[in-house]
Every structure is written in C-alpha cells, then in structure tokens.
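Enquirer: Dropping the structure in here first, questions after.
The values are calculated or read from the model by the stated rules, or taken from the named source; none is laboratory data. Please read all numbers here as calculations on a predicted model, not as lab measurements. Every residue, glycine as well, gets a Cβ built from its backbone with ideal geometry; the counts of neighbours run over all protein chains shown. We work out accessible area using only protein heavy atoms, side chains counted, and drop any ligands, DNA or RNA first. Shrake-Rupley method; radii C 1.70, N 1.55, O 1.52, S 1.80 Å.
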Amino acid sequence: MQESIKKGEEARAQTLALVASHARMTLALIIIAGFLDVIDFSIVQVALPTIRTELVVSLAESQWIIGAYGLTLAGFLMLSGRAGDVYGQKKLFVFGIVLFTISSLAAGLSPTLLLLVVARGVQGIGAAISTVTAFAILVATFPEGRERNGALGIFISVLSAGFAAGSILGGVLTAAFGWRSILFVNVPIGAVGAALSQKFLVDSGSRATEKHLDIPGALSLTGGLIIFVYGLTNATIDGFMSVQTVLPLGLSTLILAGFLVIENRSKAPLIPLSFLRRGNILAANAMGLIFTSSAGGLIFLLTIYLQQILNYSAPAAGVAFLPPALIFFFVGGWGSSWLTDRFGMKPVLVLSMALVTLGSALLIPITVASGYFGILPGLLVWSFGASIGFVALSIAAVGGTQHGEEGLASGLINTSERIGFPLGLAVLLTIATTMDPTPVGAAGPSLVGLVGGFQYAFLAATILNGIGLLIALRIKGQKASWQYAG
C-alpha cells in the first residue's frame, strides 16, 4: 500500500516537473487560444457592413453574426470548464482549438447568412472550450503567488493588444481581400496552435475527485444561460418590456431555478454550492459581473457619442480609444501584477473599484459641448482602474482552488464576465433611451436629449461600480506574494 502511494507521489512529482519545464511554451499556447477569441470578436465587428452588403441582409439580421457567437460562448463556458476537470484539460483544449479552426473555415466559405450564423455558433462553442480550459491550464501550471500573477499579467496584456489590433486588422483585411479573409486568418493560427498543443502540453488526465459529469445540471445551466443572453440581446434592440425580451428572460429564470434544484439533489453537482462559499470565490464572481456590466455599456455609449454625436468616422473613433487601449496594455499587463505582488490582492481590488467608480462619475456631466477632451479624463481614470483590477480579480476567483477544481473556477469567472457585457449593455442602453426616447439618428435639439439620457446611464454605471467597491472592501485579505518569500 505504502509502495503504491510512493509510486503515485513520484509520478505526480515527475508530471509537475515536466509541466514546469514547459511553462513558457504552455503560456504561449494559452495566449494563442485567448488571442483567437479576442481578435475574432473585434475583427468581425468591423466587417459587418461589408457582410451585410454582400449577403444582402438587414441590420437586425446581421447582428446574429455576432449574437450567435456570443450566445454559445457564454452558454458553454461552465460546462466546458467542468468537463475539462473530469476528462482532462489538454484533451478539451486541443478539441476546442480544432473545432474553432474548422468552424472558422466553414464560416468563411458560407454562401448564405443562415450557414454563416450556424458556423459562428459552432465557433462560439469552440472558443468556450478553448478559452476556459486555457485559463484552467494556466492556474494548474503556475503556482499561486508571484509566478501566477506574472503569467496573468502577460496573458491580459497580450489580449488587450489583440483586441485593439483586431479592429485595425479587420479593416485592412476586409478592404484588401474581402470579409471572408477575416475568418480564414484564424485557420493557420488555429492549426499551428492545435499541433503545438498536442505536442508540448502535458496531459495530467482527470484531476477531479468525481469522475462523472452532471448531465442534467449541465443541460439546464447551458440552456438557461443561452436563453438568458438571448433575452438580453433582444433587450438592447426591443427594450426590456417587449415580448421578445420578457418571454426568454422569464423562461431562463425558470430553467436556472431548476438548475439550483438539480444541484441541491445531485451526488456529483456541476457547481457544488459549497464551492461558492469558499474563500473569495462568490465575491470575485459578483465583482466580475459588475465590472464587465459597467464596461460593456460604458464603452458602447461612448462609441455612440463619438460617432453619432461628435460625427467621428469609425477609424477616428478607433484612434480615440487608443489611449485607454495603451493603458490596458502597459498598466494592465505589467503594472497590475506588480501591484498585486507588492501590496496584495485586496488593496489592488479596492483601488481598482474606487478609480472605476470615480471614472464613471466624471462622465456623468457629459454634454454635446463636452467633446472628446471633455470625456477623456473620465475615460482615462476608468481605464486605469479597470486595467489594474483584472489580474487581481482573476487571482481572487481562483485563489484556494484545489486540484481538480481549476476548470470549475475558470468556468465560473469566465461566465460571470461574459454575461456581464450583454447585461450591462442592455441595462445602460435602456436607461439612456428611456430618458430620451428620440431615435439616435435624429438631428438638432434631440441630440441634447440623447446625451441627457447618457448622463443617467453613467450615473447608473457609477452606482453599479460603487456596489462593486463595497464588495471589494469586504473581500478577504491576502498577503502579497513577496511576503511569502521573506
């Protein structure tokens, strides 16, 4: 008995040594998976007008090119994360990249809108599998503390650069080679990423103590989340009181309530409710939801302000967002991990939420006469606060997880953040248009009323961020990693 235990410990030690030796390559492959997701999201947005023209579809129909991807991505994150724990993260990771690559090729070859939307939905499933398992692999590869903080900083900085690069690359590729090229570009990257992952990633096998996946829980959660995000997507177009919004939101509430009943009775729940009470996991996920909710609505409204109020062209609006993009790249990628190492997780989260709250508050007095330089101070303060918070938030969300729970923790925080974007967009856009129901494209005095609606929306974002600050103040403190070494 003791000999078998000893052999098991030796095998585990060898696996850990192999993982450590491949740490840099592992981080590079994780970045490839995240980069594919981020750049795809931003690059397709730019090509939408061209796709509409070539496939002859309406504006409302074209939104499903983005919506199908977002729906399946948000819905399959939690299931993918837990499946990785049960069946092995490497297997799921490679499968996710392959599925994303094949569906990208299919989307680029699609002759009709229907086939394009279906392919984009499959792309979302592939992205959900690859991104959530990538984060779980990162958590398992880099020990909690300075190493993990640094890896997260590099990961976030590259993704920030990818998001900015996607908008520029999308315009260049679409103009030079047509809209299909923006989907074909994923194919060689995905193929190389899948081949290298198969060769270099260490297969640690199943790490979960429970070897069975909660199928009823998985189906109810995935279905409930997809219908919920579908309802939020309708809310941004038709408002919260429309039948198209109320019915799916009500149905998703019933399904998600059923999911909680299933989890309470399951012997192997998809999300053990006791897991949410551990450490800072519940608080981190609540902050992640708030964080991305305010971000999703705020950035969208500022884009509308620049393009439809100040009459900026799309490229000019992209350049206007360059300062916050640079802040996310340099401060978020490198400064955030340093601050967390030096001062600890809680002080950084408190500072982050305080600056985010202040930044959104500075945007409340926005008027037509404010112009770009009138909104720039609030945008910069908000960006600085948001950029330093993402690494600390990720640390809080996965801190204290045990072997076999990396996918569970990764799925939870990724789902919280993904749902936050459509939720914040729907809520803040509804507030802005309710306070001034005049159509956005109207001219003259109506623009003043529209910006007045923006003021109330930014006030709501400030209140939301203030709630996040209160949660940050109540989060459990954690020593900075430099103290561990001393």
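Enquirer: Quick one: which of 248-255, 80-87, 375-382, 412-419 comes out on top by average Cβ neighbours within 10 Å, and what's the full order, highest first?
Expert: The most tightly packed comes first, giving 80-87, 412-419, 375-382, 248-255.
Enquirer: Could you give the alpha-carbon Rg of the range 236-365 over 2.2 N^0.38 Å, rounded to two decimals?
Expert: 1.43
Enquirer: To the nearest 20 Debye, how big is the dipole of the range 269-417 about its Cα centre, given +1 on the beta carbon of each Lys and Arg and -1 on that of each Asp and Glu?
Expert: Approximately 220 debye in magnitude.
Enquirer: What's the FRET efficiency of ALA316 with LYS199 using the Cβ-Cβ distance as r and R₀ = 41 Å, to the nearest 0.05? Let's see the in-between values first.
Expert: Values: r = 44 Å, r/R0 = 1.08.
That gives a FRET efficiency of 0.40.
Enquirer: Moving to a separate point now. Could you check how much of the accessible area of the chain is carbon and sulfur, as a whole percent, using a 1.4 Å probe?
Expert: Numbers: 14860 of 20900 Å².
Whole-percent figure for carbon plus sulfur exposure: 71.
Enquirer: Considering only PRO272, THR245, ASN285, whose Cα is most displaced toward the positive end of the charge dipole of the range 234-393, charges sitting on Cβ of Lys, Arg (+1) and Asp, Glu (-1)?
Expert: Among PRO272, THR245, ASN285, the one farthest towards the positive end of the dipole of the range 234-393 is PRO272.
Enquirer: From the residues VAL319, PRO216, THR174, which one has its Cα farthest along the dipole of the chain in the positive direction, the dipole being from +1 and -1 charges on Cβ of Lys/Arg and Asp/Glu about the Cα centre?
Expert: It is PRO216, whose Cα lies furthest towards the positive end.
Enquirer: Next question. When you count, for each residue, the other Cβ atoms within 10 Å and take the mean per peptide, how do 384-394, 113-123 rank with the highest first?
Expert: Working: 384-394: 27.0, 113-123: 20.2.
Packing proxy ranking, top to bottom: 384-394, 113-123.
Enquirer: Sequence gap at least 6, Cα distance under 8 Å: using those rules, report the relative contact order of the chain to the nearest whole percent.
Expert: On the way: 822 pairs, mean separation 103.4, N = 486.
This gives 21 percent for the chain.
Enquirer: Counting only heavy atoms of the protein chains, get the accessible area per residue of the range 45-178 (1.4 Å probe) and round it to a whole Å² value.
Expert: Spelled out: the 1.4 Å probe surface of the range 45-178, per residue, equals 36 Å².
Enquirer: Students often check this: by mean Cβ neighbours within 10 Å, which of 135-146, 215-226 ranks highest, and how do the rest follow? Walk me through the intermediate numbers first.
Expert: Details: 135-146: 22.4, 215-226: 20.2.
Result, highest mean first: 135-146, 215-226.
Enquirer: Now for a separate question. Report the Cα-based extents of the chain along its three principal axes, largest first, to the nearest Å.
Expert: The Cα atoms of the chain stretch 83, 53, 45 Å along their principal axes.
Enquirer: How many lysine pairs in the chain, separated by 8 or more positions in sequence or lying on different chains, have Cα atoms less than 20 Å apart?
Expert: Taking the Cα cut-off of 20 Å, the pair count is 7.
Enquirer: Alpha carbon centre of the range 364-433 versus the range 209-280: separation in Å?
Expert: 21 Å
Enquirer: Please report, ordered by residue number, every helix of the chain (full DSSP H runs) that is 18 Å or longer along its axis going by C-alpha atoms and whose mean Kyte-Doolittle hydropathy reaches 1.0.
Expert: Result, helices passing both filters: 23-55, 89-109, 113-141, 146-177, 215-238, 243-265, 281-304, 345-362, 371-398, 446-474.
Enquirer: Might you report the magnitude of the Cβ-based charge dipole of the chain about its Cα centre, with Lys and Arg at +1 and Asp and Glu at -1, to the nearest 20 debye?
Expert: Details: 25 positive and 20 negative charges, 169 e Å.
With only Lys, Arg, Asp and Glu charged at Cβ, the dipole is about 820 debye.
Enquirer: Also, I was wondering about something else. Per-residue ellipticity at 222 nm for the chain, helices alone: DSSP H runs ≥ 4 residues times -39500 (n - 2.57), over residue total, nearest 500 deg cm²/dmol?
Expert: So the helix-based figure for the chain works out to -27500 deg cm²/dmol.
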